[in-house]
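One structure is given below, encoded as C-alpha cells.
The values are calculated or read from the model by the stated rules, or taken from the named source; none is laboratory data. Since the structure is predicted, the reported quantities are computational estimates derived from the model, not experimental observations. Every residue, glycine among them, receives a Cβ derived from its backbone with ideal geometry; neighbour counts consider all protein chains shown. Only protein heavy atoms, including side chains, enter the accessible area calculation; ligands, DNA and RNA are left aside. Shrake-Rupley method; radii C 1.70, N 1.55, O 1.52, S 1.80 Å.
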Amino acid sequence: AKSNGGSQYRFYSKELNASIKRMVDMEASLRRALEENEFYVVYQPQTDIASGRTIGAEALVRWNSKAHGRVSPADFIPLAEQSGLILKLGQWVLEEACREAKRWEQAGWTSLKISVNVSAKQFKQPDFADVVKDILKDTGLDPRKLCIEITESVVIDKLMFTLKMLDELVALGVEISIDDFGTGYSSLSLLRQLPISVIKIDQSFIAEMVEVQSVRSVVAAMITMSHHLGKTVVAEGIESEQQMAWLREMGCDNGQGYFIDKPLTAELMRARLKNIS
Ligand code: C2E
Ligand code: CA
Ligand code: CA
Ligand code: CA
C-alpha cells in the first residue's frame, strides 16, 4: 500500500509540475504579448430588445499567442491579474475600444455605446479614474458613449473606496454597469445606493431559463426590481429565439448573445453597422 501511495504521489506531482510549467510558460508569453501585438479586441453587438436596433457593443480581448495558440480570456485574464499585467493590458483594451468607438461616431453612428470590462485590480488603482479621463481625452470619445463593466465582488469589497471611485467616474460622464449580476453577494438594495445605471444579468440565468421555470421567475423579478430602481437591464448569453421572446415579454431593455451576434473583429463590426444603416 505504501509503495502504491508513493507512485500515486509521483503521478500527481508529475501532472502538477506539468500544469505549473504550462502556467509559468504562459505567464512569460503573456508578458511579451503586448509588445508582440498578440492581443486584439473583438466587439459583440448589443441590441435594444424591443426594437432590435443595435445600441452598441461589448469589447472583449483576444490573445492569439505564437507559443500557445488561441488562449481563452477565461484562462489568461486570471493569470494577468495575478502577475499584475492586467493593469497594462486593461489600459490597452480600454484605449483600443474607445478609439474604435470614436471611429463609429465619426462614421455617423453617433448613438452607439462601447462597454469595456474592467478587472478588480484595475478598478482598485487609486488613479483609475485619471487613467479613464486621459484615454477619453486622447481618443476624443464622448464620455457618455463609454460604459465600464465591473463585477459585483468589486463593488462589495472596500465599499467606501468603491463609492468614491464610482463618483469620480460618473463625474467624468461615463456609465457604470454591474456585470454577471446574480452570481455574487450584492443585492439590488445595495446597488440602489450606488451610481450604477446598468445591471447585466449573468448568462447562467439566461441559460437555465430555458429548462427551469423558477429561474424564469427570478429573471423576471430581477428585471422588475432593476426597473423600479431606475436601472437599465441587459441580458447576456441569449442563444435562442425563445429566450429572446421571454426577455422581450419581461421588458428586458437590452440583449447580447450568439442568437444576435457573435463577438466580431473591428472590421466585421463596421461591416455589420454598414448593413443595418
Ligand atoms: P463576460 O464579461 O461575462 O463576457 C461574456 C462572455 O460570454 C464572453 O466570453 C462572450 O464571448 C461570451 N458570450 C457571448 N455571447 C454568448 C452566448 O450566447 N453564449 C455563451 N455561452 N457565451 C456567450 P469571452 O470573450 O471568452 O470572455 C470571458 C470573460 O473574460 C469575460 O466574461 C470577462 O470576464 C473576461 N474578459 C474578456 N475580455 C476582457 C477584458 O478586456 N478585460 C477584462 N478585465 N476581462 C475580460
Ligand atoms: Ca462583461
Ligand atoms: Ca458577464
Ligand atoms: Ca462572466
Once you list every other residue whose beta carbon is under 15 Å from the beta carbon of residue 242, what net charge do they have if Lys and Arg are +1 and Asp and Glu are -1?
-3
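Return one quarter of the surface area of the convex hull spanned by the alpha-carbon atoms of the range 152-277, equal to its mean projected area, in nm².
So the mean shadow area of the Cα hull is 9.0 nm².
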With an 8 Å Cα cut-off and a minimum separation of 6 or more residues, compute the relative contact order for the chain in percent.
18
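Go ahead and estimate [θ] at 222 nm for the chain from helices alone: -39,500 (n - 2.57) per DSSP H run with n ≥ 4, summed, over the residue count, rounded to 500. Intermediate values should be presented prior to the final figure.
Details: 12 runs with 146 residues, N = 277.
Per the formula, -16500 deg cm²/dmol.
Please label the shape of the chain as rounded, prolate or oblate, based on the square roots a ≥ b ≥ c of the eigenvalues of the alpha-carbon gyration tensor (a/c under 1.5 means rounded; beyond that, a/b larger than b/c means prolate, else oblate). Don't skip to the end; give the middle numbers.
On the way: a/c = 1.55, a/b = 1.30, b/c = 1.19.
Judged from the Cα gyration tensor, the chain comes out prolate (a/c at least 1.5, a/b above b/c).
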If one builds a Gaussian network model of the chain from Cα atoms under 10 Å apart, the most fluctuating residue listed among 53, 70, 216 is 70
In what order, largest first, do 110, 139 sit by accessible area if the probe radius is 1.4 Å?
110, 139
Using a 1.4 Å probe, what is the accessible area per residue for the chain, in Å²?
52
Build a GNM of the chain with springs between Cα atoms under 10 Å: which of 245, 129, 57 gets the top mean-square fluctuation?
245
Radius of gyration and maximum dimension Dmax of the range 116-225, Cα, Å:
15.2, 48
Got a sec? What order do 65, 111 fall in by accessible area at 1.4 Å, biggest, i.e. largest, first?
111, 65
If we count chymotrypsin sites (Phe, Trp or Tyr not before Pro) as exposed when they sit in a DSSP loop and have at most 13 other beta carbons within 10 Å, what is the longest stretch of the chain that avoids them all?
1-184
Whats the longest run of the chain with zero GluC sites (Glu not before Pro) that are DSSP loop and have at most 16 other Cβ atoms within 10 Å?
37-210
